[in-house]
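Q: I am attaching a structure below and will ask some questions about it afterwards.
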Amino acid sequence: MESAWKNVDDPELLDALYAELKSIARAQLRGERPGHTLQTTALVHEAYLKLARTRRYRWGSRAEFVAMASRAVRQVLVDHARRKKRVRRGGGADPVPLDGREIALSAPSVDVLDLDEALTELARLNERQARIVELRFFGGLTAAEAAAATGVSVRTADSDWEMARWWLRRRLKSASA
């Protein structure tokens, strides 16, 4: 089935892409507060459009698609939080609960804008660790899937995940202090 990812005209592939993206979006929004203004379908559509503009529907594998999709979902969530923050004239952005997404930071939730800023800073220090967090948190990948998507061993992906979690915990704790 991996070779099928190259046939972008296949309706079954497009259905699979949509289903995969919807699964990622649903997992990401699951922990949001009731009444959150960004619904799963809107997140899927915005992320899909972002993917369509950047890759023109060409992915070599499921792992490559999920890697790109997790980045698109992150960008859409950050853009949405920024718009809401502007609308509120400087009010805080909606917190994103992290406890159910395995990141296990010290606070039960974190502002998505703070998380994006911290991930951007982490990427300057260690791109692979930031990528692992993005894949696991925003993409919902397992350690093995994140390892495959980044081309490292599961042990290395686990090590990167632990180091990144530690770094993010400290960084976000100091940002909220």
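The values are calculated or read from the model by the stated rules, or taken from the named source; none is laboratory data. Just so you know, these numbers come straight off a predicted model, no measurement behind them. Ideal geometry is used to build each Cβ from the backbone, glycine not excepted, and the neighbour counts take in all protein chains shown.
Q: Which numbered condition in (1) of a type outside the set (Phe, Trp, Tyr); (2) under 23 Å from residue 61 (Cβ atoms); (3) surrounded by 15 or more Cβ atoms within 10 Å (Cβ to Cβ); (4) touching a helix residue (DSSP H, G or I) at 6+ places or on another chain (Cβ under 6 Å) is the only one that residue 152 fails?
A: (4)
Q: Would you please name the residue that is surrounded by the fewest Cβ atoms within 10 Å (Cβ to Cβ), looking only at residues in segment 38-60 that are at pLDDT 75 or above and hydroxyl-bearing (Ser, Thr, Tyr)?
A: By that ranking, first place goes to 41.
Q: Can you name the residue in segment 138-149 that is surrounded by 14 or more Cβ atoms within 10 Å (Cβ to Cβ) and either over 22 Å from residue 60 (Cα atoms) or among the small types (Gly, Ala, Ser) (or both) and is also nearest to the chain's Cα centre (by Cα) among such residues?
A: Of everything passing the filter in segment 138-149, 139 is nearest to the chain's Cα centre (by Cα).
Q: While we're looking at this one, here's another question. Could you run through segment 83-132 and say how many residues are over 14 Å from the mean Cα position of the chain (by Cα), closer than 17 Å to residue 163 by Cβ and modelled with pLDDT under 60?
A: 3
Q: Can I ask one more? Return the residues of segment 135-148 that are assigned to a helix (DSSP H, G or I) and either modelled with pLDDT of 95 or more or closer than 17 Å to residue 74 by Cα (or both); say none if nothing qualifies. Step through it out loud before you land on a result.
A: Of all residues in segment 135-148, those assigned to a helix (DSSP H, G or I) come to 135-138, 143-148.
Scanning segment 135-148 gives 135, 136, 137, 138, 146.
Q: Now a separate question. Go through (1) in a loop (DSSP other than H, G, I, E, B); (2) touching a helix residue (DSSP H, G or I) at 6+ places or on another chain (Cβ under 6 Å) for residue 132 and report which single condition fails.
A: The one condition residue 132 does not meet is (1).
Q: Sort out which residues of segment 155-170 are modelled with pLDDT of 90 or more, buried (at least 17 other Cβ atoms within 10 Å of the Cβ) and either more than 21 Å from residue 27 (Cβ to Cβ) or not hydrophobic (A, V, I, L, M, F, W, C) (or both), and write them in order of number.
A: Once the filter is applied, which keeps residues that are modelled with pLDDT of 90 or more, buried (at least 17 other Cβ atoms within 10 Å of the Cβ) and either more than 21 Å from residue 27 (Cβ to Cβ) or not hydrophobic (A, V, I, L, M, F, W, C) (or both), segment 155-170 yields 160, 165, 167.
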